[in-house]
Amino acid sequence: MGERKAMKASAAANANIAIIKYWGRRNDALRIPTNNSISFTMDDQLQTVTTVEFSKTLHADSLVLNGRPGTKTELARVSNFLDNVRAISGKRRVHANVVSKNSFPTAAGLASSASGFAALAAAATKAAGLGRYKDKKQLSALARLGSGSASRSIYGGAVEWLTGKRKDGSDCYAVQLSPPERWKDLRNVIAITSSKEKRISSTDAMARTVRTSEMFKCRLESVESRLRIVRKAILERDFAALAPTIMQESDSMHAVMLDSWPPITYLNGISLEIMHKVVELNESYGHGQRNAVAAYTFDAGPNAHIYTTAKYERQVQKLLAEMEGIEKVLVCRVGEGVRYPRKHLF
Ligand code: DP6
């Protein structure tokens, strides 16, 4: 951290929701996934802002998350990540104060680790004066080491995270498929069915799936063709082509979770009810594959992300309003990638 001025910096990043899922790694330490994944970055309603200050006078790293001290586990994960930044900058003994704030519930399946580590990677590299990390591919590969899905939150719009070929993970980063302004009428209606913390972390759960699920290999075979369908549908803004694949992909991931031993379940009763309601809504527009007006997807949590277009947003909201047990509904548009606010959190 030779640069004198840039010892403190802030960055903001938004959560993303995968429509082709990252669930399984071929290298756990380097977080290299078994397959490419594709996501949409969400808007500023699901945002993390983080300030990092490195100082030679500190004896340890510290973390404040949403106004409270980070737990031991949270601090260890942040410190481990900062070790990468320290190693790159050649200053192994300089510690940091980190303050981070989410605009949404942490660890409730709204992907706080994605926005969290994307913002941390951006703020820490800027604070360390590592100018070359303005390069998004490099920043994405670095954010990946904190949390796999964070590699995608570096960019706005539709984003693909590539597994790459190299053993060291240097070609394992995300790229933008299309910018946020390209699909303006796309909506993600998020139904929060529980804001409780999840029982098992994605990190542990996906390792268990790779180790124990017999159906996992079969899932990997179908992911390749889904990737092709989704890339094409995004470029052509073809919602009807996108919708069935989004739902099948979510179901496939939750199926291999259940097929793991001991089984992993993130969906709750309300999540399942939402799935059926979305299928019924689509069927009310006809039974053909090209009639879908909405598509559900779930990450490692029970909250539903229902993709639709502006034209059908009301219909989806109505469907949710008729249900019991939904805590909150958010309507998100496609959002931006990492940015660097001038105002610091401390
Ligand atoms: C279900 O990125 O949280 O959301 O790399 O262990 O931090 P770690 O996992 P994480 O896993 C996300 C899994 C998912 C699917 C996805 O975002 O692609």
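The values are calculated or read from the model by the stated rules, or taken from the named source; none is laboratory data. Because the structure is predicted, anything quoted here is derived from the model rather than measured. Please note: Cβ atoms are built from the backbone with ideal geometry, for glycine as well, and neighbour counts cover all protein chains shown. Just so you know, the surface numbers come from the protein's heavy atoms only, side chains and all, with ligands and any DNA or RNA stripped out. Shrake-Rupley method; radii C 1.70, N 1.55, O 1.52, S 1.80 Å.
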Subject >> Number of the exception - residue 266 against (1) of a type in the set (Ser, Thr, Tyr); (2) assigned to a helix (DSSP H, G or I); (3) within 30 Å of residue 185 (Cα to Cα) >> reply: (2)
Original post:
Taking the condition part of a helix (DSSP H, G or I) and buried (at least 18 other Cβ atoms within 10 Å of the Cβ), does residue 52 pass?
Top reply: no
Subject >> Residue in the stretch 202-218 that is in a helix (DSSP H, G or I), open to solvent by 50 Å² or more (accessible area, probe 1.4 Å) and either among the hydrophobic types (A, V, I, L, M, F, W, C) or on the phi > 0 side of the Ramachandran plot (or both) present >> reply: yes
Original post:
Could you count how many residues in the stretch 310-331 are closer than 13 Å to residue 185 by Cβ and either buried (at least 16 other Cβ atoms within 10 Å of the Cβ) or not assigned by TED's automatic domain parsing to the domain that holds residue 273 (or both)?
Top reply: 3
Original post:
Taking the stretch 229-243 only, how many residues are in contact (Cβ under 8 Å) with a residue 12 or more places away in the chain and surrounded by fewer than 17 Cβ atoms within 10 Å (Cβ to Cβ)?
Top reply: 2
Original post:
So is residue 192 closer than 28 Å to residue 257 by Cβ, at pLDDT below 95 and open to solvent by less than 50 Å² (accessible area, probe 1.4 Å) or not?
Top reply: yes
**OP:** Give the residues of the stretch 111-132 that are surrounded by fewer than 24 Cβ atoms within 10 Å (Cβ to Cβ) and away from the ligand (no atom under 11 Å from the Cβ), sorted by residue number.
**Re:** 126, 129, 130, 131, 132
Original post:
List pairs: first in the stretch 31-52 and among the acidic types (Asp, Glu), second not in a strand (DSSP E or B), Cβ under 7 Å, 6+ apart or cross-chain?
Top reply: 43/333; 43/335; 44/335
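When you scan the stretch 165-178, how many residues do you find that are touching a helix residue (DSSP H, G or I) at 6+ places or on another chain (Cβ under 9 Å), open to solvent by 20 Å² or more (accessible area, probe 1.4 Å) and part of a loop (DSSP other than H, G, I, E, B)? So that I can check it myself, show each step before the final result.
Step one: of the stretch 165-178, the residues touching a helix residue (DSSP H, G or I) at 6+ places or on another chain (Cβ under 9 Å) are 169-178.
Narrowing the set further to residues that are open to solvent by 20 Å² or more (accessible area, probe 1.4 Å) leaves 170-171, 173, 175-177.
Keeping just the survivors that are part of a loop (DSSP other than H, G, I, E, B) gives 170-171, 173.
Matching residues across the stretch 165-178 total 3.
Got a sec? Which of 162, 142 is within 16 Å of the ligand (Cβ to nearest atom), buried (at least 24 other Cβ atoms within 10 Å of the Cβ) and over 13 Å from the mean Cα position of the chain (by Cα)? Please lay out each step first, then the result.
Details: 162 fails: buried (at least 24 other Cβ atoms within 10 Å of the Cβ).
Unique residue meeting the criteria: 142.
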**OP:** Six or more apart or on different chains, Cβ under 9 Å: which pairs go from a residue in the stretch 135-155 that's assigned to a loop (DSSP other than H, G, I, E, B) to one that's of a type in the set (D, E, K, R) and within 8 Å of the ligand (Cβ to nearest atom)? Could you list them?
**Re:** 147/31; 148/25; 148/31; 149/299
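Determine, yes or no, whether residue 72 is open to solvent by 40 Å² or more (accessible area, probe 1.4 Å) and at pLDDT 95 or above.
Working: open to solvent by 40 Å² or more (accessible area, probe 1.4 Å): yes; at pLDDT 95 or above: yes.
Yes; evaluated as a whole, the condition is true for this residue.
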**OP:** Would you confirm whether any residue within the stretch 15-27 is out of contact with any strand residue (DSSP E or B) (no Cβ under 6 Å at 6 or more places or on another chain), within 16 Å of the ligand (Cβ to nearest atom) and open to solvent by 20 Å² or more (accessible area, probe 1.4 Å)?
**Re:** yes
